[in-house]
Amino acid sequence: MRIGIVCYPSVGGSGVVATELGKHLATRGHEIHFISSEVPFRLNEFHENITFHEVETPLYPLFKEPPYFITLTNKIAEVARMHKLDIVHAHYAIPHAASAYMARCILGPNSFKVVTTLHGTDITLMGQDPSFTESIAFSINQSDGVTAVSNDLRQATYEALPVTRDIQTIHNFLDCAVHHRVSIPWLKNRYTKPGEKVILHMSNFRAVKRVEDAVRAFALIAKDVPSRLMLLGDGPERAAVHRLVLKLGLERQVTFMGKQEQVIELLSLGDLFLLPSEQESFGLAALEAMACEVPVVAYNVGGLPEVVVEGSTGYLVPLGDVDAMAERSLRLLGNPDLQRELAIGARQRVKSTFCSDHIVPQYEAFYEAILNGHDAAQNWP
Ligand code: GMT
């Protein structure tokens, strides 16, 4: 198949999933065309079946904002025509699905099929905002096929928006051959002290991630167990998190690692991963930790129960219950056999359910069904 993939290029779950999907599809012989404003950050090696097409958005003095929607639409139409694309797969409803729809209007109804994957914030945050609802619902309804990264997000979409199209859940995935625990002694020596337990958190430090809760839980954990909190990532809440670390006198036990692109080595240092997000349609960061044999303690929200299995790969506690987060963490860190059991359980869960070998064929089958004229609207919901 000839497939265009439209995604955000920056560090972030939707861009990562879109890029990994494109790379795996290319390896499986499909012709892949990435369409984005920059080279997606995980698209870091040459592949003969992958072409990148940059969307350039000139800012004329007349415009207050760059007209990205128009330039993206234009680029999708241009690439689809030139490379005879079968499918344009938009990751994120806004503006990608809307642009793909408009590009198809330009080329005509028999040109290419539009597949949209919903990742979460396009529904759970933007989807609730009246400034976006009409356009998001329209883009979803006009797609030829729609997927969501969890059952929870699928359900949330029907609840939030007047969507009449079937949505198929296709979970996020990892390359299990690449994502596994590695031992790098110098890294361990560089960042941790002997005997310390390593607690990790990784996110884009947006308010929805509640990183301060991870720090508060860590403060309780560190009272009982010699430990270190390693914070991977950066974003708008970083300064507030730093202030809290200082206020709690934890500066010697908390390490801010900043934005990291290669995370496997760092995740492999962990004994435990904290994910106190107040919303998470899937929680790719949790999956990445689990692949590296790191159990997860998270709030019981969104799609996280589809990833973290209570008591066998980690624990899920009520949203905002920092005490419970610390208590489960201590239960695990205080019992090395239990920690090991959950670490192995976490890896097993990723291997049995979320490896690329298992998920990428689901996307291929989905594309094929759409190209063969399956009307995805028939099955709703
Ligand atoms: O969570 C973020 O801030 C980034 C966001 C994105 O669009 O990249 O992540 C969303 O999509 C990921 C990939 O499907 C999911 O793993 C995340 O759970 C989801 N984030 C939220 O629902 C808050």
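The table below gives the values:
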| item | result |
| --- | --- |
| Selection within region 201-240 - of a type in the set (Val, Ile, Thr), surrounded by fewer than 21 Cβ atoms within 10 Å (Cβ to Cβ) and not in a loop (DSSP other than H, G, I, E, B) | 208 |
| Conditions (1) at pLDDT below 95; (2) touching an Asp or Glu at 6+ places or on another chain (Cβ under 9 Å): number failed by residue 109 | (2) |
| Search result, residues across region 168-190 that are polar (S, T, N, Q) and surrounded by 14 or more Cβ atoms within 10 Å (Cβ to Cβ) | 168, 169, 172 |
| Odd one out for residue 108, checked against (1) touching a residue at least 12 places away in the same chain (Cβ under 8 Å); (2) open to solvent by less than 20 Å² (accessible area, probe 1.4 Å) | (1) |
| Any hit, region 154-163, residues being within 13 Å of the ligand (Cβ to nearest atom), over 30 Å from residue 358 (Cβ atoms) and not assigned by TED's automatic domain parsing to the domain that holds residue 276 | no |
| Matching residues, region 280-308, being in a helix (DSSP H, G or I) and away from the ligand (no atom under 11 Å from the Cβ) | 289, 290, 291, 305 |
| Count - residues of region 113-130 that are more than 18 Å from residue 102 (Cβ to Cβ), within 10 Å of the ligand (Cβ to nearest atom) and part of a helix (DSSP H, G or I) | 3 |
| Long-range neighbours under 8 Å by Cβ, at least six apart or interchain, first residue over 19 Å from residue 284 (Cβ atoms) within region 120-136, second at pLDDT below 75 and near the ligand (Cβ under 10 Å from one of its atoms) | 136/122 |
| Of all residues in region 8-48 being touching a Pro at 6+ places or on another chain (Cβ under 6 Å) and crowded, with 23+ Cβ neighbours inside 10 Å, the one that is nearest to residue 104 (Cα to Cα) | 36 |
| Test: residue in region 88-97 that is under 21 Å from residue 146 (Cα atoms) and assigned to a loop (DSSP other than H, G, I, E, B) | yes |
| Residue that is modelled with the lowest pLDDT [pool: residues in region 156-167 that are open to solvent by less than 80 Å² (accessible area, probe 1.4 Å) and not in a loop (DSSP other than H, G, I, E, B)] | 160 |
| Positions within region 77-97 being within 16 Å of the ligand (Cβ to nearest atom) and small (Gly, Ala, Ser), in sequence order | 90, 93, 97 |
| Output for region 1-10, where each listed residue is in contact (Cβ under 8 Å) with a residue 60 or more places away in the chain and within 11 Å of the ligand (Cβ to nearest atom) | 7, 8 |
| When residues of region 257-278 are limited to those that are in contact with a Gly (Cβ under 8 Å, 6 or more places away or on another chain) and either among the aromatic types (Phe, Trp, Tyr) or modelled with pLDDT under 95 (or both), the one least open to solvent (accessible area, probe 1.4 Å) | 273 |
| Members of region 11-28 found to be more than 11 Å from the ligand (Cβ to nearest atom) and not in a helix (DSSP H, G or I), listed by number | 28 |
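The values are calculated or read from the model by the stated rules, or taken from the named source; none is laboratory data. These numbers were taken from a predicted model, which means no experiment stands behind them. Positions of Cβ are generated from backbone atoms using ideal geometry, with glycine treated the same way; all protein chains shown enter the neighbour counts. We work out accessible area using only protein heavy atoms, side chains counted, and drop any ligands, DNA or RNA first. Shrake-Rupley method; radii C 1.70, N 1.55, O 1.52, S 1.80 Å.
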